[in-house]
Amino acid sequence: MKQLLFILCLSFSGMLFAQDLRTTFSNDFSRWEFDGKTFRTVFNNDWDNWEFGSLRIRTTFSEDWDNWEVGSNVKMRTTFSNDFDSWEIRGNGKTVYVKTTFSDDYERWTISGDASGTMRTVFSDDFSKWNISMDTKGLPDDVRAAIVFIAVFSSFHFK
C-alpha cells in the first residue's frame, strides 16, 4: 500500500510541472500563450524576431535559424548546421540540450543537461498545442523561455 501511495505521489508531482503551449488564434503561428505570457513575432511575418514578455528572442544573423539569442545572456544553437533535431542552450551558468526523441520527428523532444523533461504535441500532426513537462527548479526564466521556444520554432518551421 505504501508503494502504491508513493508511486501516485511521484506521478502527481510530475504533473505539477506540466504546462501547455498553444497558439492564441487558430492557425496563427506568430502568437503563442505559455505560463501567462505571450510569445509573438515583433513584426508580421518576421520569423527572426520574437518577444516573450520582456525578453527578445532573435536570430544572431538575419535568416540564420541555427543561432539564436534569448535576452542578453542566453544563446541557443543547433548542434549541426541546418539539423534542427538537436539544440544546445547556454547561459546564466546553465547548459541544456533539447533533442528530438526520434530522428526527424519534431513532435516529441527530450530535455537534458541542467534541466530535464519532455515536450510533445498534444495531437499528432497538430503543431498548434504542446504539452511541456520540465523540472524548473533553479532554471532562469530566459533559459526556460529558450527551451519552450524550440517548440514554437518547430511549429512554424515544420507545420
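We did not get these values from a lab; they are worked out from the coordinates using the rules stated. Keep in mind it's a predicted model, so treat the numbers as computed, not measured. No Cβ is skipped: glycine too gets one built from the backbone with ideal geometry, and neighbour counts run over all protein chains shown.
At a glance:
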{"read-out": "The chain - percent relative contact order, Cα under 8 Å, separation 6 or more", "value": "17"}
{"read-out": "Cβ charges +1 (Lys, Arg) and -1 (Asp, Glu), total dipole of the chain, debye", "value": "600"}
{"read-out": "Selection from Ala115, Thr78, Val98 lying farthest towards where the dipole of segment 46-155 points positive, charges on Cβ", "value": "Ala115"}
{"read-out": "Pairwise label distance in nanometres, Asn131 with Thr110, each label 7 Å out on the Cα-Cβ vector", "value": "1.8"}
{"read-out": "Near-label residues of segment 86-130 by backbone N, under 15 Å of a point 7 Å along Cα→Cβ of Asn27", "value": "126-128"}
{"read-out": "Environment charge of Thr95, counting only residues whose C-beta is closer than 13 Å and scoring Lys/Arg +1, Asp/Glu -1", "value": "+2"}
